[in-house]
Amino acid sequence: MALLVNQLYASYGDFQALSGISLQVEDHQIVALVGSNAAGKSTLINCISGTHRQKHGEITFNGERIDNVPANKIVEKGLIQTPEGRRVFPFMSVQENIEMGAYLPGPRTNRVANMEKIYQLLPILYERRKQMAGSLSGGEQQMLAIGRALMSEPKLLMLDEPTLGLAPIIVDKVFDLILDIRKQGTTVLLVEQNVQHALEIADYAYVVGNGSLLMEGPGKKLMLDDELVKAYMGI
């Protein structure tokens, strides 16, 4: 088991953002965390990555408790998050942005080989490698953010709303990329408002609302749930 979250509670001041959420992610799976805006999805993965501290609960990564481990130490263990909104460095080149993902000792040693793999996986980044990141389209910036994360050699990659604000044709490319990343052996925890696309590719999925777990199951099975379809897919 790559990741276990047990009875997680988190808040922002007096606002209760998470209320006893539990989930698990098995190695080499794509697990989707879906739900509407402000459901608590980003808070959950921010707690997992150590950028927001839970009030109660346990988080275990590869058999080791990490719920009180500093965020930089969690990254060193191979748990990598791409934040919502891409957050590339706009006045640095594409290649410089990618290289920023290789600051840890292990990835730094493998920097050249990893960069070649990323350019093979994302040839558009090779074509744009000398451009300033801020000049890229939204979809290209998302590819860049994912490429930068892959330079850190993640064992588990957490993607926070990777298709937010992107055109439908680019959304399809991002989901194809996520499948390719899993094929290369990386476990993925995907946070998405695009419920239908996420469930189509997910081995397993959790539906979150108002900080609580509403339902869970294999992605394709959840797509057959009438209540879920009406609530989140508008069908």
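A short reminder: the numbers here are calculations on the coordinates, not readings from a lab. Values in this document were obtained by computation on a predicted structure and should not be read as measured data. Here the Cβ positions follow ideal geometry from the backbone for every residue, glycine too, while neighbour counts run over all protein chains shown.
For the reader, a short list of remarks on this structure follows.
- Distance in nm between pseudo-label sites at LYS55 and ARG108 (7 Å out along the Cβ direction from Cα): 4.0
- 13 Å tail of the calculated P(r), segment 88-153, as % of Cα pairs: 54
- Counting only Cα atoms, the size of the chain along its three principal axes is 46, 41, 33 Å, in decreasing order.
- Proximal charge balance of GLN193 [Cβ under 14 Å; K/R count +1, D/E count -1]: -3
- Per-residue ³J(HN,Hα) for segment 99-108, Karplus 6.51 cos²θ - 1.76 cosθ + 1.60, θ = phi - 60°, Hz, x for Gly and Pro: 4, 5, x, 10, 7, 6, x, x, x, 5
- Less than 5 angstrom separates the built amide H of GLY217 from those of ALA205, all sequence-distant by 5 or more or on a different chain.
- As a rough footprinting exposure proxy, the listed residues SER137, SER42, SER11 were ranked by other beta carbons within 10 Å of their own, and the order from fewest upward is SER137, SER11, SER42.
- Within segment 93-140, the trypsin sites (Lys or Arg not before Pro) that combine a DSSP coil assignment with at most 10 other C-beta atoms in a 10 angstrom radius are LYS130.
- Near GLN81, the amide H atoms lying under 5 Å from its own belong to MET158; only residues 5 or more places off or on other chains count, and H is placed 1.01 Å from N.
- For the chain, the longest site-free run once chymotrypsin sites (Phe, Trp or Tyr not before Pro) in DSSP loop states with at most 12 other Cβ atoms within 10 Å are removed: 104-235
- Max mean-square fluctuation residue, GNM over the chain, Cα-Cα springs under 10 Å, options ILE59, ILE45, ILE124: ILE124
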